[in-house]
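Just so you know, all these numbers are worked out from the coordinates, no wet-lab data involved. Everything numeric here is computed off the predicted structure, so don't read it as measured data. Please note: Cβ atoms are built from the backbone with ideal geometry, for glycine as well, and neighbour counts cover all protein chains shown.
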Amino acid sequence: MAYGKQVTEIYYGGDYNPEQWSEEVWEEDMRLMKKAHINLVTLNVFSWAAIQPSEDVYDFERLDRIMELVRKNGLKVCMATSTGAHPAWMAKRHQDILRTDSDGMRHKFGGRHNSCPNSPTYRHYSAKLAEKLAEHYRGYDNIVAWHIANEYGGRCYCENCEKAFREWLKERYGTLEAVNRAFNTSFWGHTFYDWDEIVIPDLRSEHFRDGSGSERTMFQGISLAYERFQSDSILACYRLERDAVKKWMPDTPVTTNLMGFYKPLDYQKWAKYMDFVSWDSYPSPDDLPADCAMNHDLMRGIHDQDSFVLMEQTPSVTNWQPYNRLKRPGQMRLLSLQAAAHGADAIQFFQIRRSIGACEKYHGAVIDHAGRSDTRVFREVASLGAELEGWNGVFLNGRTPSETAILVDWENWWAVEYSAGPSVLMKYMDAVKDYYRALFDQNVPVDFIGVDDDLSRYKVVIAPLLYMVKPGLDQKIKKFAENGGTFITTYFSGLVDQDDLVVGAYPGKLSGTLGIWVEENDALPEGEENSFLWNGKRYPARVLCDLMHLEGAEAICRYESDFYSGTPVITCNKVGKGNSWYVGTRSDETFYRDFLERICEDAGVKPVMETPEGVEATIRRNGQTSVLFLLNHSGREQTVCLPWDCCLCDGSCESYPAGSTIQLGAYGGEIFKCQL
């Protein structure tokens, strides 16, 4: 959280909501937090109604007492602006603040994520509160960061949004002629002759529900534009509060808590306006270790600092999942270490003390309803806190030395899943996970990058489902391959431009680099598959089979059945000093593991080290210091052989020469300094 300078302390703590408790409880909480080695609290996340009881009245008296108490007890503060949920009186007096659903139903007061991002009322009062808070608390030197609102998200389809959408279109396209061209409004007689004729795409206009209940669209162009607009609208709300805080505390870093691969908001764009990235990690009990790591790597990748803050995780249970499964002994520590391994410079929890009412009263907390320090969860939190102090920040400011990157793009994600065909089974994140999981399982570090990022630092760049090719991206990919890089893309890539308009023969501007022409796409229903051979092994071809012709590329594998038997399914094209690969179908995890093992070997990309199945090995490098994280996700004891001279980072500095073996208990993890 030390924006603009090196971080020297691991912040450890989480969301604390003392407004829910009497002041006698506050004093006891201070004692327990010290015992747990907590050094930072996030305050004031949902206090808007308490702080502002009416239009022009602001009452900071109770928050002042809280701030004095935490300062007296040596705690740092991540100060929130409280704007994650607006007050009831505001909703009653100003109806424009309430959101409207896609079916046209306007909300009443309640819940959160319930403020229209284009409401003049919301924008005025949220920015005003942020400024008043920053002005009032600017003298507190223990405020180390500002936390704007909370978990921004959702959509609104009200009249304010419709009017703002028209203005957004004017700014983006300039003329109605350009809008008509971008939306292809000659289809179905949709041509617009006046800006006021444009209505928002929802269930009252262009959207409909399919047989599964999912919302789909008849005009992808306007729906894609609305996704962009809503993400920009919510970002504008964040920026208003950020700027209000910066007016009074310009040197204190500002963030808001993101949510990993959260589809509605273009986090790559958001990160440009954040001093540091923070996010909330709540994996489901059935998520693979790779899935959690993938979110961490994304958060690390969207900002140029190579690190992030784990703003929230549960120490025990996540109450809003279908089954509130406990984290097993050691799992909280293991997941915390995994976050640190992938770039976290702070470990935080939601929440410090468990609420007694409403929907999060059974969500995990450091201090349980019993208020005791002898619970299993408290003991584990305190033990980890002591370890973090003992490690003395050895991994702070370290970056992950990755030579492989996966290119992701939110607008491409939106466009792929708005597409009217070819298959409802085709999901953007499925394609991303196919490649990420295979690399993770082989301990190959991965960066996530966007279309504007530099490719030259990598040996391998993978762009799954690169359906939309934005201006200049094709030339960037070609140059990367010409200079010796290995580029990989997949089925249903290169079809459309930035407005979701088909550019001609597939894969469009990527055709020359890939050396192929795709004539048709065969969508296979669930349960059906084709097959192909790779190095003598048979693999399935599922979901989509691209029927392609070679135009310079070499056919590496061919389909084995149906009328397109014998035609290419995987191709490789020599481009300058490098190669471009096209994988024209979706296969299984065995294929992606075998395929990427070959790709990495040919490209000179080496795994961190060999480990037993279920044991993750990750490196963070800070200057000449290399820190190795060994994490056992398997739930059983594992033996690992160290390939380098290492010493433990637990304060003992116990040495292990190369070739030594160590035992990792179930859900165990160790951190070493290594001589690579």
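Hey, with R₀ at 41 Å, roughly what FRET efficiency would Thr8 and Asp588 work out to, going by the Cβ-Cβ distance, to 0.05?
According to the calculation, E is roughly 0.35.
Which length gain, in nm to one decimal place, applies between Asn319 and Glu601 when the Cα-Cα distance is subtracted from 0.36 nm times their residue separation?
Value of the extension gain: 97.2 nm.
How much length is gained if the chain between His136 and Glu526 is pulled fully straight, taking 0.36 nm per residue apart and subtracting their Cα-Cα distance, in nm to one decimal?
The span from His136 to Glu526 would gain 134.5 nm if fully extended.
Rounded to whole Å, give me the distance from the Cα center of segment 72-129 to that of segment 633-674.
Centre-to-centre distance over Cα atoms comes out at 48 Å.
Ignoring everything except DSSP H segments at least 4 long, calculate the 222 nm mean residue ellipticity for the chain; use -39,500 (n - 2.57) per segment, divide by total residues, nearest 500.
Result for the chain, helices only: -9000 deg cm²/dmol.
Within segment 160-240, which chymotrypsin sites (Phe, Trp or Tyr not before Pro) sit in a loop by DSSP and count at most 14 neighbouring Cβ atoms inside 10 Å?
Here the chymotrypsin sites (Phe, Trp or Tyr not before Pro) that fit, given the DSSP loop and packing criteria, are Tyr193.
Toward the positive end of the charge dipole of the chain, about the Cα centre and with charges on Cβ (Lys, Arg +1; Asp, Glu -1), which of Ala431, Gly512, Ser531 goes farthest?
The residue sitting farthest along the positive end of the dipole is Ala431.
At 7 Å along the Cα-to-beta-carbon direction for both Ala555 and Leu288, put a label point, then send me their distance in nm to one decimal.
Taking the two extended label points, one gets 3.0 nm.
Looking at segment 446-554, which trypsin sites (Lys or Arg not before Pro) are DSSP coil and have at most 16 other C-beta atoms within 10 Å of their C-beta?
Hits after loop and neighbour filter: Arg457.
With label points built 7 Å along Cα→Cβ from the Cα atoms of Asn622 and Arg62, find their separation and express it in nm.
Going by the 7 Å Cα→Cβ label model, 4.0 nm.
Could you tell me which of Thr256, Ala49, Val583 has its Cα farthest along the dipole of the chain towards the positive end, charges placed at Cβ (Lys, Arg +1; Asp, Glu -1), taken about the Cα centre?
Working it through, the farthest residue towards the positive pole turns out to be Ala49.
Mind putting a number on the dipole of segment 59-203 about its Cα centre? Charges go on the C-beta only, +1 for Lys and Arg and -1 for Asp and Glu, and I need it in Debye to the nearest 20.
620 debye
Using +1 on the beta carbon of Lys and Arg, -1 on that of Asp and Glu, and nothing else charged, what's the dipole of the chain about the Cα centre, debye to 20?
1120 debye
Which of the listed residues, Leu550, Met468, Ala415, is farthest toward the dipole's positive end in segment 404-603, when Lys, Arg count +1 and Asp, Glu count -1 at the beta-carbon?
Leu550
Dipole size in debye (nearest 20) for segment 615-675 around its Cα centre, Lys and Arg Cβ +1, Asp and Glu Cβ -1?
Using only the charged Cβ atoms, the result is roughly 200 debye.
Expressed as a rounded percentage, what relative contact order does the chain have, with Cα pairs under 8 Å and six or more residues apart?
Averaging sequence separation for qualifying contacts and normalising by length gives 11 percent for the chain.
Loop-only trypsin sites (Lys or Arg not before Pro) in segment 570-676, please: DSSP not H, G, I, E or B, and at most 16 other Cβ atoms within 10 Å.
Those satisfying the criteria are Lys577, Arg636.
Between Asn392 and His124, take the C-beta separation as r, use R0 = 45 Å, and let me know the FRET efficiency to the nearest 0.05.
0.45
Return the whole-Å distance between the Cα centroid of segment 403-457 and the Cα centroid of segment 511-550.
Each part reduced to its Cα centre gives a spacing of 18 Å.
Give me Tyr539, Tyr418 sorted ascending by neighbouring Cβ count inside 10 Å, so fewest comes first.
Tyr418, Tyr539
Using a basic spin-label model with each label point 7 Å from the Cα along Cα→Cβ, how many nm lie between Thr175 and Ala658?
A separation of 6.7 nm, rounded to one decimal place.
Full extension from Ala50 to Tyr273: what is 0.36 nm times the residue separation minus their Cα-Cα distance, to one decimal in nm?
Extra length from Ala50 to Tyr273 when fully extended: 77.4 nm.
Run the reach check for Lys673 against lysines, Cα to Cα strictly under 24 Å, same-chain hits fewer than 8 apart removed. What comes back?
Answer for Lys673, where 24 Å is the Cα cut-off: Lys5, Lys606, listed by chain and number.
Cut-off is 10 Å between beta-carbons; in what order do Ser214, Ser580 appear when sorted fewest neighbours first?
Ser214, Ser580
Using the number of other C-beta atoms within 10 angstrom as an exposure proxy, rank Glu241, Glu55, Glu28 with the fewest first.
Glu55, Glu28, Glu241
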